[in-house]
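Working notes, beginning with the structure itself.
The values are calculated or read from the model by the stated rules, or taken from the named source; none is laboratory data. Source: prediction; values computed, not measured. Virtual Cβ from ideal backbone geometry, glycine too; neighbours counted across all protein chains shown. All accessible areas refer to the heavy atoms of the entire protein, side chains included, with ligands and DNA or RNA removed. Shrake-Rupley method; radii C 1.70, N 1.55, O 1.52, S 1.80 Å.
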Amino acid sequence: MLGEPPRRYRNPAAWRDLEGDLGVNLPADYKEIIDGYAPIQINCHLSLDHPATERWNLGAWIRSTADAWSQVEWDDGEPEGDPRVSLGVPELVFGTPDGLIPIASTDRGETLFYAPRGGQGTSSLFVEDGEGEFFEYSMTFSEWLYRWLIGEDVAGPGSSAFYPGPVALRDLPMTADERPEARYGSSRGM
């Protein structure tokens, strides 16, 4: 669906450094997609950063996003779809193997998190819908991305953002003056 990956910034050392900082290995399929395409915006909404770039740096984004989420004070019974219940933890933490690691976001306010020790002891994904409600998805990142691209509600109810035809890909600019053109993945027959 995304077409041939350009693999512009593939760098195993950048992943080792990032995973060392996080204290956990990120999913192999996620790293393969990031290495293949990022930094990029997919279908005008989903942004994926890369750990080997200075601009749109995944590690810096994870740290700043985790820090921001760590400042939120949760009352008892909040947030909706409280990840603490599924994770089996008394306190919600971000950017650590025991909590939620932000891995992608949309321009609609949604944040996708990787939970290394998700529900039932296996990793899972959580999506915060931009309104404070969390939804858990027991699937790989590549399956989540596929379902998002075909228009399923994988960021909460009513969250689909389906566009017929080939997937639109726009490399994120690496300088202030750069204006990358959109390119398109292979035909989906949709």
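Placing +1 on the Cβ of each Lys and Arg and -1 on the Cβ of each Asp and Glu in segment 1-101, which of ALA68, TYR30, LEU92 has its Cα farthest towards the positive end of the resulting dipole?
Highest projection toward the positive end goes to TYR30.
Helix 28-37: angle to the longest alpha-carbon principal axis of the chain, degrees 0 to 90, nearest 10?
For 28-37 against the chain, the angle is about 40 degrees.
Apply 1/(1 + (r/R0)^6) to the Cβ-Cβ distance of ARG84 and SER64, taking R0 = 25 Å, and write down the FRET efficiency to the nearest 0.05. Each step should come with its number before you reach the end.
On the way: r = 23 Å, r/R0 = 0.90.
About 0.65, to the nearest 0.05.
Give me the distance in nm between label points sitting 7 Å out from Cα along the Cα-to-Cβ direction at ASP98 and GLU32, one decimal.
3.2 nm
How far apart, in nanometres, would the label points at ASP107 and ALA182 be if each is projected 7 angstrom from Cα along the Cα-to-Cβ direction?
1.0 nm
Select from segment 1-55 those trypsin sites (Lys or Arg not before Pro) which occupy a DSSP coil region and have at most 12 other Cβ atoms within 10 Å, ordered by residue number. Before the final figure, lay out each step's value.
Values: sites: ARG7, ARG8, ARG10, ARG16, LYS31, ARG55; in loops: ARG7, ARG8, ARG10, ARG55.
Loop-located and lightly packed - ARG7.
At 7 Å along the Cα-to-beta-carbon direction for both ALA13 and GLU152, put a label point, then send me their distance in nm to one decimal.
Taking the two extended label points, one gets 3.9 nm.
I'd like to check one number: the per residue accessible area of the chain, probe 1.4 Å, reported in Å² as a whole number. Display every interim value, and only then the final one.
Values: 9240 Å² over 190 residues.
Ligands and nucleic acids excluded, the figure is 49 Å² per residue.
With θ taken as phi - 60° and the coefficients 6.51, -1.76 and 1.60, list the Karplus ³J(HN,Hα) couplings across segment 134-145 in order, rounded to whole Hz; mark glycine and proline as x.
Per-residue couplings from phi come out as 9, 10, 9, 10, 8, 7, 6, 4, 5, 5, 4, 4 Hz.
Using modelled backbone amide H atoms (1.01 Å from N, in-plane), which distant-in-sequence or interchain residues come within less than 5 Å of PHE94's amide H?
LEU100
Just to verify a number: FRET efficiency for ARG55 and MET139, C-beta to C-beta distance, R0 = 25 Å, to 0.05?
Details: r = 30 Å, r/R0 = 1.21.
So, using R0 = 25 Å, E works out to roughly 0.25.
From the phi of every residue in segment 84-96, what ³J(HN,Hα) in whole Hz does the Karplus formula 6.51 cos²θ - 1.76 cosθ + 1.60 yield, where θ is phi - 60° and glycine or proline is x?
4, 5, 5, 6, x, 10, x, 10, 7, 10, 10, x, 10
Amide H of ALA104 versus every other amide H placed in the peptide plane: which residues, excluding those fewer than 5 positions away on the same chain, fall under 5 Å?
LEU112
Taking 0.36 nm per intervening residue step and subtracting the Cα-Cα distance, what contour gain separates THR122 from THR175 on full extension? Mind showing how you got there, number by number?
Values: separation 53, 0.36 × 53 = 19.08 nm, distance 3.94 nm.
Computed gain between THR122 and THR175 is 15.1 nm.
Hey, any idea what % of the chain's accessible area is carbon plus sulfur with a 1.4 Å probe? Could the numbers behind the result be given before it?
Details: 4400 of 9240 Å².
The nonpolar share, carbon plus sulfur, comes to 48 percent.
Apply the Karplus curve 6.51 cos²θ - 1.76 cosθ + 1.60, θ = phi - 60°, to the phi angles in segment 167-182 and return the couplings in whole Hz, x for Gly and Pro.
5, 8, 10, 10, 4, 6, x, 9, 9, 5, 8, 6, 10, x, 7, 6
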